[in-house]
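Heads up: the structure comes next, in structure tokens.
The values are calculated or read from the model by the stated rules, or taken from the named source; none is laboratory data. Remember, predicted model here, so these are calculated numbers, not experimental data. Here Cβ is always computed from backbone atoms with ideal geometry, including for glycine, and neighbour counts include all displayed protein chains.
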């Protein structure tokens, strides 16, 4: 994880925006990485003057919101019943599903706002918001309000880390240049795999839902 931060911090220009955006979308789809890592790297790049604040904020907000929105619409298409199917536990841990159900009963759809700040339940909460037919405009309102608070904070922490340790980080990053292209390729492949795997799991889950609830056939008599 530390190495990934160091790698992201060594990017610049359009490549930095693109890679950080892609990782944030993948994080929303289940990539096992805290989204604060690319956000911290984005803050460091601001300190290093390799990025501009408003562009970085727009790119990171877009990555976060798009990943969340995909999960919401997956939930709205597949429904809550899919969470009880065998194999789905690999995506959404049953214990986390039960916790989020309890949170929805206690707090209602406001849990979408608080889920942004609770590691481990974010993706489950956003999927279930869609599955429970929450209005998208209400979902995106809560999600945006939470993101516009958390995203700048993490970027700001990354900038602060740059002011404290920037020179040391910059010196260390010089050794990364020789393998930078290879790591970029690996990250791109991982992001593509996450997106493709999510799409295939969606198709499989949808097929299972259709097979369990086949359309009634009309009678001739």
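Quick look at the numbers
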| item | result |
| --- | --- |
| Residue check, residue 67 modelled with pLDDT of 85 or more and touching a helix residue (DSSP H, G or I) at 6+ places or on another chain (Cβ under 7 Å) | yes |
| Boolean, residue 177 is at pLDDT below 80 and either assigned to a helix (DSSP H, G or I) or more than 21 Å from residue 59 (Cα to Cα) (or both) | yes |
| Residue match in region 80-96 (condition: out of contact with any helix residue (DSSP H, G or I) (no Cβ under 9 Å at 6 or more places or on another chain), within 11 Å of residue 124 (Cβ to Cβ) and modelled with pLDDT under 85) | yes |
| Unique residue being within 13 Å of residue 28 (Cβ to Cβ) and touching a residue at least 12 places away in the same chain (Cβ under 8 Å) when the list is 144, 126, 117 | 126 |
| Top-ranked residue in region 1-41 [being under 17 Å from residue 65 (Cβ atoms) and in a loop (DSSP other than H, G, I, E, B); ranked as modelled with the highest pLDDT] | 35 |
| Residues of region 121-140 classified as surrounded by 13 or more Cβ atoms within 10 Å (Cβ to Cβ) and either touching a strand residue (DSSP E or B) at 6+ places or on another chain (Cβ under 8 Å) or not in a helix (DSSP H, G or I) (or both), total | 3 |
| Region 71-92 residues that are at positive phi, paired with ones that are at pLDDT 70 or above (beta carbon under 6 Å, 6 or more apart) | 79/131 |
| Residues within region 151-165 that are modelled with pLDDT of 85 or more and buried (at least 16 other Cβ atoms within 10 Å of the Cβ), tallied | 6 |
